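One structure is given here, and the rest of the page talks about it.
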Amino acid sequence: MIFSREKCAWYWLSTSIPALATVSFCYGRPWLFLFVLIAAILIGDSILGEDFNAAGRPEPQASVGVGVPLAFVTWWEVAALIACERAVRARPLEFVGLTVASGVLSAFAMAHIHEVMHRPNRLSRVVSDLALAWAGYPHYRVVHLLHHAHVGNPRYGSTAHAGLSLWRHVSRSFWGALVVGFENEFVYIHKRRRSRLLIPVLTCAAMTMLIAWKGGRYGIVFYLGQSAISVFIVEAIGYIQHYGLSESDRPESQIAWDVPWWLSNRLFANNGRHTHHHLEQTQRFDQLGCVGEPLPAGYLHMFFLALLPPLWFSVMDRRLPKKIASTVVPRRQG
């Protein structure tokens, strides 16, 4: 049983998410998709528990390579197009459902786009840039590389000081990283005379104009709404992964919080093995291990917990390194 759970083929389970979304959107049932998805992940993580072989580097095994992330991204784009097409002629309740469901799906796709983005070839970068434009985060690749280079520095996004709530963190992280990203891009262009942001930003602008032309104001509201939801969830995941671990406070060995739950990692391309990813960012997702301090539950459990700051603080502050925990109370910001 242990061996069967660790087969790489289980990573293909993640593609059931955009597949379910595609069917649900076609039949006008976005709320059903959200209910089934959230319930399945919450219950699945609780029942299936942690990876058996999550600790340390996994043993060499057959790899799924970039196939799973590419399949997920491709299927997600199909589902997103269907949602957009239905949204412009949907009734209010279905319209809101399609917007929310598409935003959640885009956020989940970001874990797979992130994996494609880290592959060292030009095609992967182009594919990820185009996908990021639809997800509403065209500058993500640039700011994410800066995050890797300056992990633990809140100025570059994702990291939140101990005592800072998710609600205050999201806007700070997104807009702060946006400003720093463009500042860095100007320096990069001056040195190398080519832009990393030009293609994704132009793609995002062209996509917005096309949606406005085809779908009118409803199309624009749908696109902007799903993008806002996607960005919020992505920033929330960064918050969960790096809460309280600013470089000025954290021990040198603690870069991030890991999520060792089996289902979360199979659905999100081992994004929960986040410490190892920071240590070896070019390592394939199916060869990452849980080498950092673990969170007490899966991603979705922690996400809902983070939405309620008092509960989040009560669970997470006691897990912080002693040096950080001693300063939490006077620094706490609602």
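Every read-out reported here was derived from the displayed coordinates using simple, explicitly stated rules and does not represent laboratory data. Since we're looking at a predicted model, the values are computed, not measured. Cβ sites come from the backbone with ideal geometry, for glycine too, and all protein chains shown count toward neighbours.
Count charges around Asn265 for me, please; just the other residues with Cβ under 9 Å from its Cβ, Lys/Arg as +1, Asp/Glu as -1.
Value of the local net charge: +1.
Give, in nm to one decimal, the length gained when the segment between Leu308 and Leu13 is fully stretched (0.36 nm per residue of separation minus the Cα-Cα distance).
103.2 nm
If you take the beta carbon distance between Arg319 and Arg284 as r and set R0 to 25 Å, what does 1/(1 + (r/R0)^6) give as a FRET efficiency, to the nearest 0.05?
That pair, Arg319 with Arg284, gives E of 0.30.
If a helix is a whole DSSP H run, which ones in the chain reach 27 Å or further along their own axis (Cα) and hold a mean Kyte-Doolittle hydropathy of at least -1.0?
Those that clear 27 Å and a mean of -1.0 are 67-87, 92-117, 166-192, 198-242.
Taking just the alpha carbons, could you work out the radius of gyration and Dmax for segment 185-334, both in angstroms?
Here Rg and the maximum Cα pair distance are 19.3, 56 Å.
Could you work out the percent of alpha carbon pairs in segment 230-311 separated by over 20 Å, rounded to a whole number?
Above the 20 Å cut-off, segment 230-311 has 30 percent of its Cα pairs.
Out of Ile43, Ile211, Ile237, any idea which swings most in a Gaussian network model of the chain, alpha carbons joined below 10 Å?
Result: Ile43 has the largest fluctuation of those listed.
Within 10 Å, at most 15 other Cβ atoms, and a DSSP state outside H, G, I, E, B define an exposed site. Report the longest part of the chain free of exposed chymotrypsin sites (Phe, Trp or Tyr not before Pro).
Working: sites that count: Tyr27, Phe52.
Looking at the chain, 53-334 is the longest stretch - no exposed chymotrypsin sites (Phe, Trp or Tyr not before Pro) with at most 15 other Cβ atoms within 10 Å.
What FRET efficiency do you get for Ala39 and Glu6 if R0 is 41 Å and r is their Cβ-Cβ distance, rounded to the nearest 0.05? Mind dumping the intermediate values first?
On the way: r = 25 Å, r/R0 = 0.62.
After rounding, the FRET efficiency stands at 0.95.
Build a GNM of the chain with springs between Cα atoms under 10 Å: which of Met316, Met209, Met110 gets the top mean-square fluctuation?
Between Met316, Met209, Met110, it is Met209 that shows the largest mean-square fluctuation.
Can you give the calculated 222 nm mean residue ellipticity of the chain, where each DSSP H run of n ≥ 4 adds -39,500 (n - 2.57) and the sum is split over every residue, rounded to the nearest 500 deg cm²/dmol?
Result for the chain: -20500 deg cm²/dmol, rounded to the nearest 500.
Please give the direction-averaged projected area of the C-alpha convex hull for segment 124-204, in square nanometres with one decimal.
Working: hull surface 22.3 nm².
If you wrap the Cα atoms of segment 124-204 in a convex hull and average its projections, you get 5.6 nm².
What's the percent breakdown of Cα-Cα distances in the chain across 20 Å bins, shortest bin first?
Whole-percent P(r) values from 0 Å outward: 31, 60, 9.
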